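S.K.: One structure is given below, represented as structure tokens, and several questions about it will come after.
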């Protein structure tokens, strides 16, 4: 093999690396389309998608402390609201749980390889409507309050 | 990943605050939370309006002027009835796991018998929502805590499942979740490796409703009265002021918020 100058060698190595790199990038783009994100069913989100992608975990963390510890509940802004709006149909009239790769949260979290802890305690899908029937005989709250008032009056007598 | 420049650009133009910095956000949020709560409200229009804080000011949250409590009239509690227990179970989704020794027990019916007279009483026992909760004293992470309005809760975000609180509780009011769960109630998160107990139906109380056990009991025995024991004009306070009521193990000095009458 003929002797080459160090400069020529360097140029050669750089050229090879550049070609390999380009091929890698093109290959990655062609073969990997990114996560398939299911469409939400509700109206407008609490923030634009770009912002939600970046800050949803901070929003949830901020909200959870206010709710659990301070008792401040804002309807439609908790995790339950996220879950119900982003429910993915299981094709049988219900919604998939987080055990399914189609779950809204998992679609991205699987792709980014970020572990998702929320659903170890929180419901990962809206409450199935047929489950409501096994709940207690659920009178209207005001009926219960009226019954309580009757009880209190009876005691006072 | 590919949308990073776009996201950063748009975020920077629409909200020029520290909140949008993608790298330091977590740390800044944490440092911010170390400040007083009032500081958070001051910042709310500029910074946390993007988060839940903006509208949270409209929701008052737990008030230190209140102290929620229960009064259980044992003479109206019948031995065979467990409507309060089943109401709690269906409200929060806890049920038997097939292992009675470690089953969750947010509320249970207890039978008392005087050995001399043979007289028996039946009463529900749940978290007594102490003013000085021993569970909160022993908790190493601050997960067990008492809300401003006197409701004692487990913050499962912080619970490490050490079960010190279960040992400390004189009322055996807490349970440990041993098995993985699915399809919890959206308003009652509970999960493996954390401790749980009666929340006094905090999600209902915050909406101005009464706890599930109280609602169920009102339809059958009417033995449980719920209310603000810090307000002398509330029904519960009037009954407590009129009749003799006791706190279970009142001698411990933990000042339970649950009282019993005719026990």
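The values are calculated or read from the model by the stated rules, or taken from the named source; none is laboratory data. Computed from a prediction, not measured in an experiment: that's the story for all the values here. Note that we place each Cβ from the backbone using ideal geometry, even for glycine, and neighbour counts take in every protein chain shown.
S.K.: Could you go through the range B:112-126 and let me know if any residue there is crowded, with 24+ Cβ neighbours inside 10 Å, modelled with pLDDT of 95 or more and facing another protein chain (nearest Cβ under 9 Å).
M.R.: The answer is no; no qualifying residue exists.
S.K.: A further question on this structure: Could you list all residues from the range B:168-190 that are under 25 Å from residue B:140 (Cα atoms) and part of a strand (DSSP E or B)?
M.R.: If the condition is that a residue be under 25 Å from residue B:140 (Cα atoms) and part of a strand (DSSP E or B), then B:174, B:175, B:176, B:188 are the ones that fit.
S.K.: Taking the range A:78-93 as the region of interest, how many residues are within 18 Å of the chain's Cα centre (by Cα) and more than 10 Å from every other protein chain (Cβ to nearest Cβ)?
M.R.: The number of residues fulfilling the criteria is 7.
S.K.: For the range A:134-144, indicate whether the set of residues that are modelled with pLDDT of 90 or more and at the interface with another protein chain (Cβ under 7 Å from one of its Cβ atoms) is non-empty.
M.R.: Step one: of the range A:134-144, the residues modelled with pLDDT of 90 or more are none.
Taking every residue of the range A:134-144 in turn, none turns out to be modelled with pLDDT of 90 or more and at the interface with another protein chain (Cβ under 7 Å from one of its Cβ atoms).
S.K.: Does the range B:197-214 contain at least one residue that is more than 19 Å from the chain's Cα centre (by Cα) and surrounded by fewer than 17 Cβ atoms within 10 Å (Cβ to Cβ)? Walk me through it before giving the result.
M.R.: Narrowing the range B:197-214 to residues more than 19 Å from the chain's Cα centre (by Cα): none.
Checked against the condition, which is being more than 19 Å from the chain's Cα centre (by Cα) and surrounded by fewer than 17 Cβ atoms within 10 Å (Cβ to Cβ), the range B:197-214 yields no hits at all.
S.K.: Also, I was wondering about something else. Would you check if there is a residue in the range B:207-215 being modelled with pLDDT of 95 or more and over 21 Å from residue B:106 (Cβ atoms)?
M.R.: no
S.K.: Return the only residue of A:75, A:32 being more than 14 Å from the chain's Cα centre (by Cα), more than 8 Å from every other protein chain (Cβ to nearest Cβ), closer than 24 Å to residue A:113 by Cβ and modelled with pLDDT under 85. Break it down into steps so the answer makes sense when it comes.
M.R.: Values: A:75 fails: closer than 24 Å to residue A:113 by Cβ.
Every option except A:32 fails the conditions.
S.K.: Given B:71, B:31, which one is within 12 Å of chain A (Cβ to nearest Cβ) and modelled with pLDDT of 50 or more? Walk me through how you get there before you give the answer.
M.R.: Details: B:31 fails: within 12 Å of chain A (Cβ to nearest Cβ).
Only one candidate qualifies: B:71.
S.K.: I'd like the full set of residues that are assigned to a helix (DSSP H, G or I) and either surrounded by fewer than 19 Cβ atoms within 10 Å (Cβ to Cβ) or without any contact (Cβ under 8 Å) to a residue 24 or more places away in the chain (or both), limited to the range A:61-79. Explain how you work it out, then say what you get.
M.R.: Filtering the range A:61-79 down to residues assigned to a helix (DSSP H, G or I) leaves A:61-70, A:79.
Residues satisfying the conditions are A:61, A:62, A:63, A:64, A:65, A:66, A:67, A:68, A:69, A:70.
S.K.: Any idea how many residues of the range A:35-51 are part of a loop (DSSP other than H, G, I, E, B) and within 10 Å of chain B (Cβ to nearest Cβ)? Let's see the steps before the verdict.
M.R.: Residues of the range A:35-51 that are part of a loop (DSSP other than H, G, I, E, B), as a first pass: A:35-48.
Cutting the leftovers down to within 10 Å of chain B (Cβ to nearest Cβ) gives us A:46-48.
Matching residues across the range A:35-51 total 3.
S.K.: A further question on this structure: For residue B:207, all conditions in the list (1) more than 29 Å from residue B:101 (Cβ to Cβ); (2) touching a helix residue (DSSP H, G or I) at 6+ places or on another chain (Cβ under 8 Å) hold save one; what is the number of the exception?
M.R.: Of everything listed in (1) more than 29 Å from residue B:101 (Cβ to Cβ); (2) touching a helix residue (DSSP H, G or I) at 6+ places or on another chain (Cβ under 8 Å), residue B:207 misses just condition (2).
S.K.: A further question follows. Kindly evaluate residue B:165 against the criterion of being surrounded by 19 or more Cβ atoms within 10 Å (Cβ to Cβ) and part of a helix (DSSP H, G or I).
M.R.: On the way: surrounded by 19 or more Cβ atoms within 10 Å (Cβ to Cβ): yes; part of a helix (DSSP H, G or I): yes.
For residue B:165, the condition - surrounded by 19 or more Cβ atoms within 10 Å (Cβ to Cβ) and part of a helix (DSSP H, G or I) - is met.
S.K.: Only one of (1) modelled with pLDDT of 90 or more; (2) more than 10 Å from chain A (Cβ to nearest Cβ) is not met by residue B:45, so which one is it?
M.R.: Failed condition: (1).
S.K.: So is residue A:55 surrounded by 19 or more Cβ atoms within 10 Å (Cβ to Cβ) and farther than 20 Å from residue B:158 by Cα or not? Give the steps one after another, and end with the answer.
M.R.: Numbers: surrounded by 19 or more Cβ atoms within 10 Å (Cβ to Cβ): yes; farther than 20 Å from residue B:158 by Cα: yes.
For residue A:55, the condition - surrounded by 19 or more Cβ atoms within 10 Å (Cβ to Cβ) and farther than 20 Å from residue B:158 by Cα - is met.
S.K.: Check every one of the helices (runs of 4 or more DSSP H) wholly within the range B:191-253 and list those with 1 or more residues that are more than 20 Å from residue A:71 (Cα to Cα) and within 11 Å of another protein chain (Cβ to nearest Cβ).
M.R.: Working: elements: B:202-205, B:212-220, B:235-242.
Those helices (runs of 4 or more DSSP H) span B:212-220, B:235-242.
S.K.: Would you point out the residue of the range B:98-156, among those that are in a loop (DSSP other than H, G, I, E, B) and in contact with a helix residue (DSSP H, G or I) (Cβ under 6 Å, 6 or more places away or on another chain), that is farthest from residue A:65 (Cα to Cα)? Steps first, please.
M.R.: Narrowing the range B:98-156 to residues in a loop (DSSP other than H, G, I, E, B): B:98-99, B:103-106, B:114-119, B:127-133, B:139-143, B:147-151, B:155-156.
This time we only want the ones that are in contact with a helix residue (DSSP H, G or I) (Cβ under 6 Å, 6 or more places away or on another chain), so: B:106, B:139, B:151, B:155.
On the way: B:106: 23, B:139: 17, B:151: 15, B:155: 9 Å.
Per the stated criteria, the residue is B:106.
S.K.: Please work out which residue is nearest to residue B:248 (Cα to Cα), limiting yourself to the range B:169-184 and to residues that are in contact with a helix residue (DSSP H, G or I) (Cβ under 6 Å, 6 or more places away or on another chain) and surrounded by 17 or more Cβ atoms within 10 Å (Cβ to Cβ). Before the answer, list the steps.
M.R.: Of the residues in the range B:169-184, the ones in contact with a helix residue (DSSP H, G or I) (Cβ under 6 Å, 6 or more places away or on another chain) are B:169-170, B:174, B:178.
Restricting the remaining residues to those that are surrounded by 17 or more Cβ atoms within 10 Å (Cβ to Cβ) gives B:169, B:174.
On the way: B:169: 12, B:174: 16 Å.
The residue in question is B:169.
S.K.: Let me ask something else. Evaluate the range B:161-175: report whether one residue or more is within 13 Å of chain A (Cβ to nearest Cβ), over 19 Å from residue A:79 (Cβ atoms) and at pLDDT 95 or above. Steps first, please.
M.R.: Taking the range B:161-175 first, the residues within 13 Å of chain A (Cβ to nearest Cβ) are B:161.
Adding the requirement that they be over 19 Å from residue A:79 (Cβ atoms) leaves B:161.
So of that shortlist, the ones also at pLDDT 95 or above come out as B:161.
Yes, some residue in the range B:161-175 is within 13 Å of chain A (Cβ to nearest Cβ), over 19 Å from residue A:79 (Cβ atoms) and at pLDDT 95 or above.
S.K.: For the range A:80-106, what are the residues that are assigned to a helix (DSSP H, G or I), within 26 Å of residue B:199 (Cβ to Cβ) and either touching a helix residue (DSSP H, G or I) at 6+ places or on another chain (Cβ under 6 Å) or free of Cβ contacts under 8 Å to residues at least 40 places away in the same chain (or both)? Give the derivation first.
M.R.: In the first step, residues of the range A:80-106 are kept if they are assigned to a helix (DSSP H, G or I); the result is A:80-85, A:104-106.
Still in the list and also within 26 Å of residue B:199 (Cβ to Cβ): A:80-85, A:105.
Result: A:81, A:82, A:105.
S.K.: Next up: Please verify whether residue B:187 is within 12 Å of chain A (Cβ to nearest Cβ) and either surrounded by 16 or more Cβ atoms within 10 Å (Cβ to Cβ) or touching a residue at least 40 places away in the same chain (Cβ under 8 Å) (or both), treating the condition exactly as stated. Steps first, answer last, please.
M.R.: Details: within 12 Å of chain A (Cβ to nearest Cβ): yes; either surrounded by 16 or more Cβ atoms within 10 Å (Cβ to Cβ) or touching a residue at least 40 places away in the same chain (Cβ under 8 Å) (or both): yes.
Against the criterion (within 12 Å of chain A (Cβ to nearest Cβ) and either surrounded by 16 or more Cβ atoms within 10 Å (Cβ to Cβ) or touching a residue at least 40 places away in the same chain (Cβ under 8 Å) (or both)), residue B:187 qualifies.
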